[in-house]
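Undergrad: Let me begin by handing over the structure; questions about it come next.
The values are calculated or read from the model by the stated rules, or taken from the named source; none is laboratory data. Predicted model only: the values in this text are computed from it and were never measured. Here the Cβ positions follow ideal geometry from the backbone for every residue, glycine too, while neighbour counts run over all protein chains shown.
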Amino acid sequence: MRLHDGRDELPARIRLARAGDAGSRAWLVQRWQEPVYRFCRRMLSSDEDALDATQDTLVKMLHHLEQFDERRNFSSWVFGIARNRCIDEHRRRKRRSPDEPGEIVDSGPSPVELTARSQRADHLLSALDEIPPMYREVLVLYHFEHLKYGEIAEALDLPMGTVMNRIFRARKKLREAYEAMGGTQ
Amino acid sequence: MSAHVPEDLLVAFVEGELDESLGIHIAEHLDGCPACATQVAALEPLAVAFASVDDPVLPIDLVDQVLAAASEQPAQAPVTEVTLGLGLLAAAAATFALFGDPVGSMIHLSMVLEAVAKMGTVANGTVATSVAATATAGATALACSWAAARATVPGWKHA
């Protein structure tokens, strides 16, 4: 499910959910579970951690609905919660094994098994895992979740100029990592 | 910027070669112009690689679990309230340690406990200001250790 589906319905659903309407609370969870999972999965590179982070994010979304400012973008607000949860997970990993890399990288299929398309995808995802999370998150929100620059700025609570510069630097770092892995454009 | 952005400017934008104010204008334009946004997406050097990535699929439907968890767990107090409460408790302990006055400390402690119990009203200023001075030391120490704990992922912070 993409986030532009049902956008018109959203303000009314938020108001109803705040009033305790069970159907609207379920609607919000249903609508955000996939985007939040995709984001967490790409930030954490682990199915299990991404699932936990998604559940925590959605529970927090329901608990803190009262605090949501309706002048803001709801997607940005939800991704902001998910992002903070992912940061906490990275910290937990570092505390668990401070001498090891904080990332959990999947062992994908061997290159022989990969088609050109999936090879490119595999290289790109591996390159994403190589760059720092502060750069990875802007690329994930922009390229995979299709958030606008303004929405990313809201989700990360950063000025537009900072987001823009971060995306430029992130692309440069990603391209370097991608090419170092033998990826082709 | 209401008309479409010329392609050479979009190329420079994607390459990060524009000055910040012009870049911001273009970014704002892209947010409201699907045609230019599509053009920019095609100019991105790794566009083909991004397009080749499949979305991760949510392995299970979480709706029931989330709704059940949300109804079981009470909403957590915001961090600022918890931190203030811990700061006040630390301050009471510090008062006792510094002055060793059991009567004075008991008075402070009772005020502290009352303040913690009424955590929601702390922000309204119902706690006597006499607690505030002694709370500062404890709260500062806690804030320092909290900040140190948060700084373990360089450059990546909570919004």
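Undergrad: Just checking, how many residues over segment A:159-173 are closer than 19 Å to B:V53 by Cα and not in a helix (DSSP H, G or I)?
TA: 0
Undergrad: Would you be able to say whether some residue in segment A:66-77 is buried (at least 20 other Cβ atoms within 10 Å of the Cβ) and without any contact (Cβ under 8 Å) to a residue 60 or more places away in the chain?
TA: The answer is no; no qualifying residue exists.
Undergrad: Quick one: in segment A:168-185, which of the residues that are more than 8 Å from every other protein chain (Cβ to nearest Cβ) and free of Cβ contacts under 8 Å to residues at least 60 places away in the same chain is surrounded by the most Cβ atoms within 10 Å (Cβ to Cβ)?
TA: Per the criteria, the residue is A:A170.
Every residue, every condition in (1) aliphatic (A, V, I, L, M); (2) at pLDDT 95 or above; (3) out of contact with any strand residue (DSSP E or B) (no Cβ under 9 Å at 6 or more places or on another chain), yes or no:
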position: A:M1; (1), (2), (3): yes, no, yes
position: A:D5; (1), (2), (3): no, no, yes
position: A:V29; (1), (2), (3): yes, yes, yes
position: A:T57; (1), (2), (3): no, yes, yes
position: A:K60; (1), (2), (3): no, yes, yes
position: A:H64; (1), (2), (3): no, yes, yes
position: A:R72; (1), (2), (3): no, no, yes
position: A:G80; (1), (2), (3): no, yes, yes
position: A:C86; (1), (2), (3): no, yes, yes
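Undergrad: If you scan segment A:112-158, which residues turn out to be surrounded by fewer than 22 Cβ atoms within 10 Å (Cβ to Cβ), part of a helix (DSSP H, G or I) and more than 10 Å from every other protein chain (Cβ to nearest Cβ)?
TA: Hits for segment A:112-158 are A:V112, A:E113, A:S126, A:D129, A:E130.
Undergrad: Mind listing whichever residues of segment A:22-51 are farther than 20 Å from A:A12 by Cβ and among the β-branched types (V, I, T)?
TA: Correct list: A:V36 only.
Undergrad: Looking at B:V14, B:V48 in this structure, which one is within 10 Å of another protein chain (Cβ to nearest Cβ), among the β-branched types (V, I, T), more than 23 Å from A:E34 (Cβ to Cβ) and more than 31 Å from the chain's Cα centre (by Cα)?
TA: One residue alone meets the criteria, B:V48.
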